[in-house]
Amino acid sequence: MSLKDKNIVIGVCGSIAAYKIATLIRLLVKEQANVQVIMTPDAQHFITPLTLATLSKNPVHSTYFDEQSGTWHNHVDIGLNADLLLIAPATANTISKMANGGCDNLLLATYLSARCTVMFAPAMDLDMWLHPATQRNVSLLQTYGNVLIEPENGELASGLIGQGRLAEPEEILLRIQQFFTDDLPLKGKKALVSAGPTYEAIDPVRYIGNHSSGKMGYAIAERLVTLGADVTLVSGPTALQVSKNINRIDVQSAKDMLDACEQYFDNADIVVMSAAVADYTPTTVADQKIKKKEDHFQIELTKTVDILAHLGQKKAATQSLVGFALETNNELENALGKLKRKNLDFIVLNSMQDKGAGFAHDTNKITIINRDGNKNEFALKSKTEVAKDLCQVITKHQHTVNPSS
Ligand code: CTP
């Protein structure tokens, strides 16, 4: 009961996504939070105050004065009593008024009076979300210390596809739990993630590398942190940044990556190898820059250690070991072969035949296959959302094989 006795005020605005708040309130009440709902006048067109009052076990406020009971709803008291004010769904209109100090309803007056942390979860059409005015207002709110719960990508009420969907209730609950408590699903778990390419030196100025951007592995590392894990990210050369609470180890070659992974593997509960490791490395590295002479030039290469397979041999039953397979043909067969050969719990298959999947894109389309060969196919999504799907599977597995740690 991670939210016992926490006073959470939810401000609901006029968006079709308001229906999701019913589920969120149920989740919060299940965690024993005290939930007080305030609705903007427009919100009541989308979901009834009766539904939200019944679920929250508290009368819903929308106006300053309740004519029937003669009660005055004091926005200052509501704001002062709150441990958290969550505005969800936050529409472009309410976000604009919050950013600029507008105060034409009870929710906005409560927002201006509140001294607690404010979270806001926007929901709107993709063009409204991308409009510079909205983006400026969102940035302004963040400068006031308000916490953004990013809208997700997907199909919108307009039928358009893009960013703008209200975050799912489970995601909002997680963010609230993260704010109040340490009671996160992967609290106490250690995770090791590899990401990015490796560079195999030929001479002091040249190397063999690949086009991996590292985005998938970084998104996984960030998600594992959000879920409460203590994360070490072993990263090949990338242009990416990570949040401060990730232990990032920068490496260049496949050998460096192996050494770093070895160091952290035994203590890790969760191991996700998403790096694009070179399969071969120059047998010798020239001390000096190689001069051009002959018309033809050959470099002798030696196989690198397959880090994932090596770790698979040492894997304990309590560890969750996940590998990636990027395939161009016979995808399932090849991925299943790798899963067995490398002793993995899950293999994440990207097919190069899927548009928008694989290297350098911001999106990915994955199929997760488990030890029993069961397949779970996901739609094309942003890498951040792919990381959420994958980490949900990993969390479930970890709680099955290692419930106590
Ligand atoms: N991998 C690794 N160390 C290597 C090569 C690969 O840890 N030296 C890991 C990758 O991080 C990925 C998985 O193995 O999780 C699959 O890599 P991939 O190159 O697709 O598979 P290979 O086993 O190398 O097979 P092939 O190149 O024949 O497709």
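The values are calculated or read from the model by the stated rules, or taken from the named source; none is laboratory data. Because the structure is predicted, anything quoted here is derived from the model rather than measured. Positions of Cβ are backbone-derived with ideal geometry, glycine not excepted, and every protein chain shown enters the neighbour counts.
Name the residue, out of 326, 311, 321, 301, that is modelled with pLDDT of 95 or more, of a type outside the set (Ser, Thr, Tyr) and within 23 Å of residue 364 (Cα to Cα).
Numbers: 326 fails: modelled with pLDDT of 95 or more; 311 fails: within 23 Å of residue 364 (Cα to Cα); 301 fails: within 23 Å of residue 364 (Cα to Cα).
After applying the criteria, what remains is 321.
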* Restricting to the stretch 317-344, what's the tally of residues that are more than 15 Å from residue 371 (Cβ to Cβ) and outside any helix (DSSP H, G or I)? -> 6
* **Residue list for the stretch 167-180, filter: under 14 Å from residue 8 (Cα atoms) and either in a loop (DSSP other than H, G, I, E, B) or among the β-branched types (Val, Ile, Thr) (or both)** => 172, 176
* **Every residue from the stretch 168-208 that is in contact with an Asp or Glu (Cβ under 6 Å, 6 or more places away or on another chain) and of a type in the set (A, V, I, L, M, F, W, C)** => 208
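Could you list, in sequence order, all residues of the stretch 263-290 that are within 27 Å of the chain's Cα centre (by Cα) and free of Cβ contacts under 8 Å to residues at least 24 places away in the same chain? Let's see the steps before the verdict.
The initial filter retains those residues of the stretch 263-290 that are within 27 Å of the chain's Cα centre (by Cα), namely 263-277.
Result: 263, single match.
State whether one or more residues within the stretch 345-361 are under 23 Å from the mean Cα position of the chain (by Cα) and among the polar types (S, T, N, Q). Show your work before the answer.
Our first condition is that a residue be under 23 Å from the mean Cα position of the chain (by Cα); within the stretch 345-361, this holds for 345-351, 354-361.
Pick out the ones that are also among the polar types (S, T, N, Q) and you get 350-351.
Looking for residues that are under 23 Å from the mean Cα position of the chain (by Cα) and among the polar types (S, T, N, Q), one finds at least one in the stretch 345-361, hence yes.
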* Restrict the check to the stretch 281-288 and report whether at least one residue is within 12 Å of the ligand (Cβ to nearest atom) and surrounded by fewer than 17 Cβ atoms within 10 Å (Cβ to Cβ). => no
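Residues that are modelled with pLDDT under 95, assigned by TED's automatic domain parsing to the domain that holds residue 217, outside any strand (DSSP E or B) and away from the ligand (no atom under 13 Å from the Cβ): does the stretch 246-269 have at least one?
Filtering the stretch 246-269 for residues modelled with pLDDT under 95 gives 246.
Filter once more, so that each one left must be assigned by TED's automatic domain parsing to the domain that holds residue 217: 246.
Keeping just the survivors that are outside any strand (DSSP E or B) gives 246.
Subsequent filtering for residues that are away from the ligand (no atom under 13 Å from the Cβ) retains 246.
Yes, because at least one residue in the stretch 246-269 is modelled with pLDDT under 95, assigned by TED's automatic domain parsing to the domain that holds residue 217, outside any strand (DSSP E or B) and away from the ligand (no atom under 13 Å from the Cβ).
Before we move on, is residue 309 within 15 Å of the ligand (Cβ to nearest atom) and surrounded by 19 or more Cβ atoms within 10 Å (Cβ to Cβ)? Quick ask: steps written out before the conclusion?
Values: within 15 Å of the ligand (Cβ to nearest atom): yes; surrounded by 19 or more Cβ atoms within 10 Å (Cβ to Cβ): no.
When the stated conditions are applied, residue 309 does not pass them.
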* Structure fact -> When every residue in the stretch 337-373 that is surrounded by fewer than 18 Cβ atoms within 10 Å (Cβ to Cβ) and within 14 Å of the ligand (Cβ to nearest atom) is compared, the one farthest from residue 305 (Cα to Cα) is 352
* To do: Select from the stretch 390-405 the residues that are free of Cβ contacts under 8 Å to residues at least 60 places away in the same chain and assigned to a loop (DSSP other than H, G, I, E, B) and write down the one among them that is farthest from the chain's Cα centre (by Cα).
  => 404
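Go through the stretch 107-166 and tell me which strands (runs of 3 or more DSSP E), entirely inside it, have 1 or more residues that are within 17 Å of residue 13 (Cα to Cα). It would help to see each step written out before you state the result.
Numbers: elements: 117-122, 152-155, 161-165.
Correct list: 117-122, 161-165.
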* To do: Restrict the check to the stretch 202-211 and report whether at least one residue is surrounded by 17 or more Cβ atoms within 10 Å (Cβ to Cβ), without any contact (Cβ under 8 Å) to a residue 40 or more places away in the chain and away from the ligand (no atom under 16 Å from the Cβ).
  => no
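Taking the condition within 14 Å of the ligand (Cβ to nearest atom), surrounded by 23 or more Cβ atoms within 10 Å (Cβ to Cβ), under 30 Å from residue 174 (Cα atoms) and in the same structural domain as residue 393 (by TED's automatic domain parsing), does residue 233 pass? If you could, list the steps in order and put the result at the bottom.
Working: within 14 Å of the ligand (Cβ to nearest atom): yes; surrounded by 23 or more Cβ atoms within 10 Å (Cβ to Cβ): yes; under 30 Å from residue 174 (Cα atoms): yes; in the same structural domain as residue 393 (by TED's automatic domain parsing): yes.
Yes, satisfied.
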* Can you spot a residue in the stretch 123-145 that is among the polar types (S, T, N, Q), surrounded by 20 or more Cβ atoms within 10 Å (Cβ to Cβ) and over 20 Å from residue 86 (Cβ atoms)? -> no
* Checklist (1) more than 29 Å from residue 170 (Cβ to Cβ); (2) part of a helix (DSSP H, G or I) applied to residue 219, failing item -> (1)
